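The next block holds one structure in the form of structure tokens; read it before the comments.
The values are calculated or read from the model by the stated rules, or taken from the named source; none is laboratory data. The structure presented is a predicted model; accordingly, all values stated were derived computationally and were not measured. Here the Cβ positions follow ideal geometry from the backbone for every residue, glycine too, while neighbour counts run over all protein chains shown.
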Amino acid sequence: MPYHANYSSFTQNADKKEALQLVLDHYESLSTDQSNWICNLANASSLLWYAYKSLNVNVNWTGFYVAQPDQGAQNDETLLLGPFQGKVACQTIPFGKGVCGAAAATQETQLVSDVSKAAGHIACDGDTKSEIVVPIVDPQSRKTLAVIDIDCVDLNGFDEVDKFYLEKLARLICTSCNFNRV
């Protein structure tokens, strides 16, 4: 069995499709026989961090927010900060608020080329200029389980290639993680 740390090794200046496919392959290997969402999302955030760094994409945050029922209001949900790489971040985000909340509520990927033009953007880190947020949705219940959130200090940091591979990662996470228990 290879050392787990080797999964974080990506070729510098690799092709984006190849690097993101490696994220999928490495995630699949690391999550085999492991269904704990904290463990799997921690590894996924590291894989994403190192993959984007190898591509010379100036990411400043890669991580997850996990859906939590709001104890104060019926049918309102919030996203709770999950495993991540980067600076400290917002701890809770209501569904429908900001880019992460929009992805959770609409269950659609949010590809934001300039966060200053995104209605209601929540600035956890003022250095962030662009962002992609991908919902992780249970195909049976159709409930949002979590979101993948990646921030970049450059404008136009992400594109349709990122969307394609991150949506595949979201589906893998949905099938490999048990979000009903810690």
The lone exception for E167 - which of (1) of a type outside the set (S, T, N, Q); (2) closer than 21 Å to S31 by Cβ; (3) at pLDDT 95 or above; (4) assigned to a loop (DSSP other than H, G, I, E, B) it fails: (4)
The one condition in (1) modelled with pLDDT of 95 or more; (2) closer than 19 Å to F179 by Cβ that D70 fails to fulfil: (1)
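Mind counting the residues in the range 123-147 that are among the small types (G, A, S), surrounded by fewer than 19 Cβ atoms within 10 Å (Cβ to Cβ) and under 19 Å from Q107 (Cα atoms)? Please lay out each step first, then the result.
Filtering the range 123-147 down to residues among the small types (G, A, S) leaves 123, 126, 130, 141, 146.
Still in the running and surrounded by fewer than 19 Cβ atoms within 10 Å (Cβ to Cβ): 123, 126, 141.
If we keep only those that are under 19 Å from Q107 (Cα atoms) as well, we get 141.
Counting residues in the range 123-147 that are among the small types (G, A, S), surrounded by fewer than 19 Cβ atoms within 10 Å (Cβ to Cβ) and under 19 Å from Q107 (Cα atoms) gives 1.
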Members of the range 136-152 that are small (G, A, S) and either at pLDDT 95 or above or closer than 15 Å to L81 by Cβ (or both): A146
Count of residues meeting criterion [closer than 19 Å to D162 by Cα and surrounded by 18 or more Cβ atoms within 10 Å (Cβ to Cβ)] in the range 112-122: 2
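So which residues in the range 158-172 are of a type in the set (A, V, I, L, M) and surrounded by 16 or more Cβ atoms within 10 Å (Cβ to Cβ)?
If the condition is that a residue be of a type in the set (A, V, I, L, M) and surrounded by 16 or more Cβ atoms within 10 Å (Cβ to Cβ), then L166, L169, A170, L172 are the ones that fit.
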Subset tally (residues that are closer than 15 Å to A42 by Cα and of a type in the set (A, V, I, L, M, F, W, C)) for the range 137-182: 12
Some residue of the range 76-89 being at pLDDT below 95, out of contact with any His (no Cβ under 8 Å at 6 or more places or on another chain), over 19 Å from W37 (Cβ atoms) and among the aliphatic types (A, V, I, L, M): yes
Residue check for I150: outside any loop (DSSP other than H, G, I, E, B) and either surrounded by 15 or more Cβ atoms within 10 Å (Cβ to Cβ) or in contact with a helix residue (DSSP H, G or I) (Cβ under 6 Å, 6 or more places away or on another chain) (or both): yes
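In this structure, is S141 of a type outside the set (F, W, Y), farther than 18 Å from V23 by Cα and out of contact with any strand residue (DSSP E or B) (no Cβ under 7 Å at 6 or more places or on another chain)? Let's see the steps before the verdict.
Values: of a type outside the set (F, W, Y): yes; farther than 18 Å from V23 by Cα: yes; out of contact with any strand residue (DSSP E or B) (no Cβ under 7 Å at 6 or more places or on another chain): yes.
When the stated conditions are applied, S141 passes them.
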Number of the condition not met by V59 [criteria: (1) at positive phi; (2) at pLDDT 95 or above]: (1)
